[in-house]
Amino acid sequence: MTKNIALDILGMTCEHCAVTVQKALRNVPGVQDARVSFSQGQANIDLAVDVPTRDLIAAVNLVGYGAVAPGESGPKMGQIPTGAQPRSSSDGMRIVIIGSGSAAFAAAIRAVEEGARVTMIEKGTLGGTCVNIGCVPSKILIRAAQMAHEQRAHPFEGLAHATPAVDRTALVAQQQHRVEELRQEKYANVLTAYPAITFLQGTARFVDSHSVAVQSADGTEQTVQGDRFLIAVGARPHVPGIPGIAQTPYWTSTEALVATELPQHLIVLGGSVVAVEMAQAFRRLGAQVTVLARSTLLSREDPALGEGLKAAFEAEGIRVLLHTTPKSVRYERDTFLVETATETLRGDRLLVATGRTPNTDQLGLETIGVITADSGAIVVDDHMQTSVSHIFAAGDCTTLPQFVYVAAAGGTRAAINMMGGDAVLDLQTMPAVVFTDPQVATVGLDARSAERLGIRAISRTLTLDNVPRALANFDTRGFITLVVEEATGKLLGAQVLAAEGGEIIQAAALALRGGLRYQDLADQLFPYLTMVEGLKLCAQTFTKDVKQLSCCAG
């Protein structure tokens with residue numbers, strides 16, 4: 001006899017979240033079926049046998065979300081938690097922000113503009129991940145590597161190829177100079193411009209739900225009290241528990257970005273964003289590179305994207321080993337020995353890029369009732385509110401996607417809500433870009449996600465040899481896929497693998513946000529020759545064979 005139970009799911013921000021939770025629940029032994037609704041924030045679970053509720057909650061926690069039985073404490077999507085303080089008068093509001101990255105600054109600026117007094121606490125370097133050790137230095141590295149690659153392997157006849165002379169010391173010096181400029185202009189100078197923000201250097205830990213102890217480097221300690229709190233402490237590279245790895249001088253992306261010597265053979269552990277971006281960059285600068293992915297490249301995306309990227313990597317001489325997990329790692333005589341099930345890899349550098357861990361473990365959250373997932377990520381609702389009504393969180397330390405623009409948007413909305421407003425973070429049309437070449441860019445649902453949600457969808461894929469600009473560039477690697485609702489033709493999502501995929505995807509995101517149909521895209525004027533015209537051509541494939549059309553066919 002089938003038994004049905006319901007759980008409130010915490011931390012979902014889009015339909016993709018519902019798909020992830022639904023899959024996790026269906027994989028629990030004894031679960032016959034599970035249906036997860038993003039709009040209702042709830043899972044309905046059919047059990048073939050009795051399954052302890054704690055096992056279901058654990059399965060949800062493992063994929064980065066929270067779960068409680070209906071009626072228990074904890075935030076529910078779009079609702080203020082039980083016992084929450086009303087979002088009311090903001091006069092003289094004292095807001096304490098832990099962290100100083102994009103989420104923290106976005107929140108601080110908005111809060112002081114609305115009359116709050118803000119104390120910002122940072123234990124490390126001002127500016128957080130993006131400007132210091134993330135987006136800015138990595139994109140400089142990737143761009144430099146692209147320039148080197150084009151010297152060596154551009155597609156145009158009549159232009160001589162050249163082997164680039166790579167001076168990593170000079171490249172790193174230029175990169176770090178730009179990092180320091182941006183940290184000064186976008187963070188330090190902002191603090192000067194807003195005297196209502198008090199900046200404290202030190203490590204914060206909650207004493208109780210309305211106060212934190214801040215310990216400075218010299219050991220002195222002070223207590224800071226607040227009416228509202230924002231936790232925006234970011235995340236750090238995750239290091240897997242592979243036997244022997246802790247005893248080796250491995251790199252994370254932090255060390256790799258400032259390394260002044262180019263490896264002869266770089267072994268990369270990981271198959272997600274940081275791993276693939278760094279692997280290709282170092283290959284293009286001249287290193288031999290081997291990538292070990294636990295499953296596939298970009299395994300959370302449409303499989304065709306990872307397959308296409310793998311082909312591009314192999315064409316550049318990158319060795320890609322899928323479904324490969326190291327059994328052990330040793331470091332002997334300046335060489336890393338990475339043992340797999342089939343061979344022992346040897347390289348002079350090892351880059352560990354296997355995800356990130358939220359910096360929440362030293363905050364004392366367990367003492368004040370802030371719910372976290374098993375990973376340590378803080379569970380928030382779409383108002384950035386945690387399970388404690390006056391404590392908010394944003395950025396990479398939460399269950400939200402780890403993108404700087406999501407962090408900043410979350411920080412702004414948290415500030416609005418702390419000051420009595422009602423701002424929601426809607427990620428259903430969030431575009432994402434992986435800065436490889438070709439770039440991987442996505443928005444909305446892919447065909448698998450639509451199917452898992454029970455949406456009847458159809459899709460079309462246009463290879464880039466049908467896009468005039470790609471032909472003119474002599475670079476037809478990749479494709480554009482559009483997913484639409486079968487009954488209405490409304491756009492559900494787009495997946496792009498293209499040299500300028502990041503420039504294409506925003507048009508798709510705006511179309512998705514506007515509720516456009518594929519026919520609207522097919523009828524829209526796109527400039528010729530541009531890569532984004534591929535969206536129009538892909539939309540036309542729902543009703544036409546574009547190979548039979550002339551150039552600019554409207």
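The values are calculated or read from the model by the stated rules, or taken from the named source; none is laboratory data. Fair warning: this is a prediction, and the values are worked out from it, not measured in the lab. In this analysis, Cβ positions are derived from the backbone assuming ideal geometry, glycine residues included, and neighbour counts consider all displayed protein chains.
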Exercise for the section: Give Gly478, Gly411, Gly444 a once-over and let me know the one that is touching a residue at least 12 places away in the same chain (Cβ under 8 Å) and over 20 Å from the mean Cα position of the chain (by Cα). Expected result: Gly478
Completion exercise
Here the qualifying pairs (Cβ atoms under 6 Å; residues six or more apart or on different chains; first in the range 187-202 and modelled with pLDDT of 95 or more; second aromatic (Phe, Trp, Tyr) and outside any helix (DSSP H, G or I)) come out as Leu191/Phe199
Handout entry: Boolean, Arg319 is in contact with a strand residue (DSSP E or B) (Cβ under 8 Å, 6 or more places away or on another chain) and of a type outside the set (Gly, Ala, Ser)
Key = yes
Problem - Sole exception among (1) within 21 Å of the chain's Cα centre (by Cα); (2) without any contact (Cβ under 8 Å) to a residue 12 or more places away in the chain; (3) surrounded by 14 or more Cβ atoms within 10 Å (Cβ to Cβ) for Glu150, by number - result: (1)
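Regarding the range 284-299, can at least one residue be identified that is of a type in the set (Val, Ile, Thr), in a helix (DSSP H, G or I) and within 21 Å of Lys327 (Cβ to Cβ)?
Here is the first cut: in the range 284-299, the residues of a type in the set (Val, Ile, Thr) are 289-291, 296.
Retained after the next criterion (residues that are in a helix (DSSP H, G or I)): none.
Taking every residue of the range 284-299 in turn, none turns out to be of a type in the set (Val, Ile, Thr), in a helix (DSSP H, G or I) and within 21 Å of Lys327 (Cβ to Cβ).
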Completion exercise
If we take the range 307-403, then strands (runs of 3 or more DSSP E) inside it with 3 or more residues that are out of contact with any helix residue (DSSP H, G or I) (no Cβ under 8 Å at 6 or more places or on another chain) and within 27 Å of Leu285 (Cβ to Cβ) are 335-339, 344-347
Fill in the blank from the handout: Restricting the range 249-265 to residues that are over 13 Å from Phe282 (Cβ atoms) and not β-branched (Val, Ile, Thr), the one surrounded by the most Cβ atoms within 10 Å (Cβ to Cβ) turns out to be Tyr250
Problem - Candidates Thr476, Thr488, Thr442, Thr481, filtered to the one that is within 18 Å of Thr543 (Cα to Cα), touching a helix residue (DSSP H, G or I) at 6+ places or on another chain (Cβ under 8 Å) and not in a helix (DSSP H, G or I) - result: Thr481
